[in-house]
Amino acid sequence: MDFVNAIILLLNYIFIPALTYGSQLALGAIFVTLIYGILRFANFATGDMMSFGTMMTILFTWYFQSLGVSLGILPTALLAIPFGVIFMIFYMLLIDKFVFQYYRNQKSPPVQFAMVSIGVMFVTQAVVRIIIGPGDRRFFDGEKFIIKAREFKEMTGLNEGLALKSTQVITIFVTIVLVSLLFWFLNRTKTGKSMKAYSDNEDLALLSGIDPKKIVLVTWVIAGILATIGGALYGLDKSFKPFTYFNNMLPIFAAAIVGGIGNPFGAFLGGYVIAFSEILLTYAYKKFFMYILPESMEPSSLVQLLSTDYKFAVSFSILVIVLIYRPSGIFKGKVL
Amino acid sequence: MVGIFQSWNIALSIFNLCLISAVMTMGANIQWGYAGLINFGIMGYTALGGLAAVLISVDPVQEAWRAGGFDILMSLWLIVVMVLVIRFVLKRFEKSKIRTYSIAAIIISGILLIRFSAEPGIEAIEAVDPAKTGFLGGFGLPIIFSWIVGALFAGGLAFIVGKVALGLRADYLAIATLLISEIVIAIIKHEDWLTRGVKNVIGLKRPAPYEVDLQTTDWFIKLVEKFNSGKLSVIENLADRQAALNQLVIEGSSVFVKLCYSGLFLVVVIILLILTQKALYSPWGRMMRAIRDNEEAANAMGKNVVKQHLLIFILGSAIVGIAGAMLVTQDGLFTPGSYRPMRYTFLIWVMVIVGGSGNNFGAILGGFVVWFLWIEAAPISLFLINFFTAGIPETNALKSHLIESVPYFRFLLMGLGLLFIMRYRPKGILPEKIEIK
């Protein structure tokens with residue numbers, strides 16, 4: 001029985017939260033990687049673009065709530081996401097037209113693109129804060145838990161409860177659907193294949209008659225979908241605050257690079273690598289060992305490898321180590 | 001201008017921060033403008049400079065040293081031993097998988113060992129009067145020394161970072177330095193025994209006199225009287241005159257203190273300007289430009305590109321470290337929680353780009369212009385909003401919402417400014433001058 005308790009404990013505090021957080025990171029990381037692979041620059045506005053998409057989703061959620069429309073036990077935000085996506089794509093295309101297109105035609109070096117994206121970051125941050133303010137906002141409604149900790153205890157008779165939030169299930173489910181659709185698109189359709197070709201070798205792709213304008217357009221559309229859904233899921237699960245989103249850019253970058261930048265599948269897995277290592281290294285295992293070990297060997301300390309304050313530092317250290325020993329990432333992306 | 005519109009006090013504090021920003025910008029400019037190295041870790045070096053200011057100027061906390069000093073020193077020894085062992089392994093054995101794994105094992109076991117040996121010491125130190133101290137304190141030296149020590153700290157970090165990350169391509173270097181600076185901030189925030197963490201260190205020593213002391217000093221009162229003799233002589237009543245004088249002395253003292261800081265900072269800026277100008281036009285500066293513009297060619301000419309990159313990375317970061325120490329000196333307090341990448345990394349980069357990369361005067365100009373706009377953006381945009389919405393009644397929802405969000409217009413201004421400069425004047429306001437003879 002103790003063994004089952006220990007497993008449930010790990011499931012509840014490590015596995016499910018890490019899977020959720022990892023899914024949110026993975027969506028962002030694929031966004032970064034696509035922009036990097038096809039438009040060829042590191043987008044420092046990633047976090048803020050995600051917060052813009054989330055903001056639009058929140059605005060539509062409020063609008064629907066004021067109309068009295070809801071999805072019953074599901075959060076209203078799910079209904080608002082498609083509208084948020086449309087606005088996000090519109091905003092991205094606008095920025096691309098007025099900002100990035102010029103540098104693309106000039107064939108500027110990636111560093112210049114990165115600098116420009118910092119300008120975009122400032123502007124987006126201002127837009128988000130002016131429209132919705134810098135405060136912390138929760139926009140979740142509907143049923144909060146699928147399984148409550150207490151119900152689970154009563155049901156199974158175990159000491160440890162297993163709480164399953166509906167946002168966690170929604171996040172994981174949506175991520176799986178979205179990512180499988182994305183990979184189907186990239187690997188099976190003609191447009192997807194031409195995107196891959198363009199990312200691989202631009203000149204050859206142009207020679208074989210691929211229209212670069214269409215590629216760029218499709219990339220931004222996919223990026224808009226990923227950014228909005230990733231951001232909205234994070235906001236549903238935790239809460240929406242522009243500054244947090246800006247900070248989330250860093251683990252997202254870490255995930256994209258760890259997975260091998262330019263490689264969407266690597267970025268997908270990279271998100272989980274980062275999330276699991278962050279949570280595994282900062283979890284206090286005292287209770288776990290109390291269940292597993294005989295009473296005489298019970299640990300006196302918390303058995304925590306690193307304090308939770310270093311959560312971010314963990315993912316950055318992983319990134320630094322990967323950069324030194326395997327700069328192309330775990331799953332062979334573009335060689336740096 | 002602000003001096004006339006708002007007050008001399010505000011004008012001077014903006015001016016001081018402009019000077020500090022100028023120093024930071026010069027540091028970043030050396031790396032980016034001279035050598036084309038992108039460093040998004042400015043925040044980390046600034047914070048290290050600030051840490052130096054704390055460690056140098058605060059009086060040592062004797063009790064804390066007695067409680068846990070021994071454990072901390074032991075851990076330091078362990079770190080030194082660990083580094084030596086790793087160096088030994090690196091030198092002695094051929095490169096192989098076993099060597100890599102054994103080094104990893106040494107590092108991990110070393111970290112665990114240090115954690116266990118330092119834990120009681122750290123807890124003991126943090127338990128010493130936690131509301132006031134709870135950390136080891138510093139050396140109790142004058143705070144000016146910290147400007148040099150801050151440079152050393154930042155240079156030391158830059159050496160490690162440079163060794164690790166300089167081989168990376170430009171945009172990866174940017175990301176790596178950004179993340180490393182976040183790690184530095186995380187450590188400063190959470191190692192309470194060293195820095196008091198988010199509990200902040202306040203009341204640091206000053207290189208300038210205190211306002212309260214000035215207000216009771218004779219020569220200062222006489223000075224204020226002399227400056228304002230015209231204004232004072234108008235007032236007939238003696239008691240009124242004394243009251244007015246007192247008011248002026250209080251105002252004057254804070255202006256005087258700020259002027260002292262301005263003087264000190266100006267000296268630093270001028271020294272750095274002379275040094276960097278000399279460096280720029282020396283054979284060394286030409287070599288750096290050659291490396292920046294064509295690495296392969298410079299390499300073929302027998303220049304050690306890797307070594308020079310590392311050197312300039314250290315130099316630039318050290319200058320940023322000085323600025324960090326100056327910042328803490330002027331504020332008189334160290335607040336690790338306030339180090340945010342937006343303010344300390346990206347804003348500095350806006351200064352570099354706007355001012356003109358590769359030009360030291362451009363860097364200073366960028367520091368001044370951008371900092372001034374950053375501070376004054378809110379009043380300016382408030383004025384503009386009021387101007388354009390003058391016809392709309394005060395109760396209008398849109399107008400009140402806009403007025404509430406005035407502080408965020410500075411981000412908009414910075415972003416648009418950066419985008420326009422990048423587009424229409426990619427070399428900055430004062431572009432780099434290259435003499436062709």
* Asked: Does B:G367 satisfy being within 17 Å of B:T345 (Cα to Cα) and either without any contact (Cβ under 8 Å) to a residue 60 or more places away in the chain or within 9 Å of chain A (Cβ to nearest Cβ) (or both)?
  -> no
* Structure fact -> Filtering helices (runs of 4 or more DSSP H) wholly in the stretch B:126-216 for at least 2 residues that are touching a Pro at 6+ places or on another chain (Cβ under 9 Å) gives B:170-190, B:192-195
* Structure fact -> Among (1) surrounded by 12 or more Cβ atoms within 10 Å (Cβ to Cβ); (2) out of contact with any Asp or Glu (no Cβ under 7 Å at 6 or more places or on another chain), B:P120 falls short only on (2)
* Structure fact -> Given (1) over 23 Å from B:M26 (Cα atoms); (2) outside the structural domain of B:D192 (by TED's automatic domain parsing); (3) not aliphatic (A, V, I, L, M), B:F409 misses just (2)
* **Exclusive hit being within 25 Å of B:F334 (Cα to Cα), assigned by TED's automatic domain parsing to the domain that holds B:I319 and free of Cβ contacts under 8 Å to residues at least 24 places away in the same chain, set B:I14, B:I20, B:I10** => B:I10
* Asked: If we keep just the residues of the stretch B:95-108 that are small (G, A, S) and more than 13 Å from every other protein chain (Cβ to nearest Cβ), which is surrounded by the most Cβ atoms within 10 Å (Cβ to Cβ)?
  -> B:S102
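Would the stretch B:59-71 turn up any residue that is at pLDDT below 90, part of a helix (DSSP H, G or I) and aromatic (F, W, Y)? So that I can check it myself, show each step before the final result.
Step one: filter the stretch B:59-71 for residues at pLDDT below 90, giving B:59-71.
Then drop every residue that is not part of a helix (DSSP H, G or I), which leaves B:62-71.
Still in the running and aromatic (F, W, Y): B:65, B:70.
There is at least one residue in the stretch B:59-71 that is at pLDDT below 90, part of a helix (DSSP H, G or I) and aromatic (F, W, Y).
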* Asked: Hey, among the residues in the stretch B:382-419 that are polar (S, T, N, Q) and farther than 24 Å from A:S117 by Cα, which one's nearest to the other protein chains (Cβ to nearest Cβ)?
  -> B:S400
* Of the conditions (1) out of contact with any Phe, Trp or Tyr (no Cβ under 8 Å at 6 or more places or on another chain); (2) assigned to a loop (DSSP other than H, G, I, E, B); (3) modelled with pLDDT of 80 or more, A:S328 fails just one. Which one is it? -> (3)
* Asked: How many residues are of a type in the set (D, E, K, R) and either within 11 Å of another protein chain (Cβ to nearest Cβ) or farther than 28 Å from B:L141 by Cα (or both) if we restrict to the stretch B:178-205?
  -> 4
* Asked: Taking B:G230 and the conditions (1) closer than 30 Å to B:L315 by Cβ; (2) free of Cβ contacts under 8 Å to residues at least 60 places away in the same chain, which numbered condition does it fall short on, given that it satisfies the others?
  -> (1)
* Asked: Out of all the residues in the stretch A:277-287, is one or more within 14 Å of chain B (Cβ to nearest Cβ), closer than 25 Å to A:R137 by Cβ and buried (at least 24 other Cβ atoms within 10 Å of the Cβ)?
  -> yes
* To do: Give B:V80, B:V54, B:V61 a once-over and let me know the one that is in contact (Cβ under 8 Å) with a residue 12 or more places away in the chain, over 24 Å from A:A42 (Cα atoms) and surrounded by fewer than 23 Cβ atoms within 10 Å (Cβ to Cβ).
  => B:V61
* Asked: Here are A:G72, A:G119, A:G68, A:G53: which of them is farther than 23 Å from A:L186 by Cβ, out of contact with any Pro (no Cβ under 9 Å at 6 or more places or on another chain) and surrounded by 24 or more Cβ atoms within 10 Å (Cβ to Cβ)?
  -> A:G119
* Residue tally, condition under 16 Å from A:A42 (Cβ atoms) and more than 7 Å from chain A (Cβ to nearest Cβ), over the stretch B:166-177 -> 2
* Structure fact -> Out of (1) more than 9 Å from chain B (Cβ to nearest Cβ); (2) over 21 Å from A:A42 (Cβ atoms); (3) not aromatic (F, W, Y), the one A:G133 does not meet is (1)
* Structure fact -> In the set A:G192, A:G230, the lone residue that is free of Cβ contacts under 8 Å to residues at least 40 places away in the same chain, small (G, A, S) and not in a loop (DSSP other than H, G, I, E, B) is A:G192
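The values are calculated or read from the model by the stated rules, or taken from the named source; none is laboratory data. All values derive from a computational prediction rather than experimental measurement. Note that we place each Cβ from the backbone using ideal geometry, even for glycine, and neighbour counts take in every protein chain shown.
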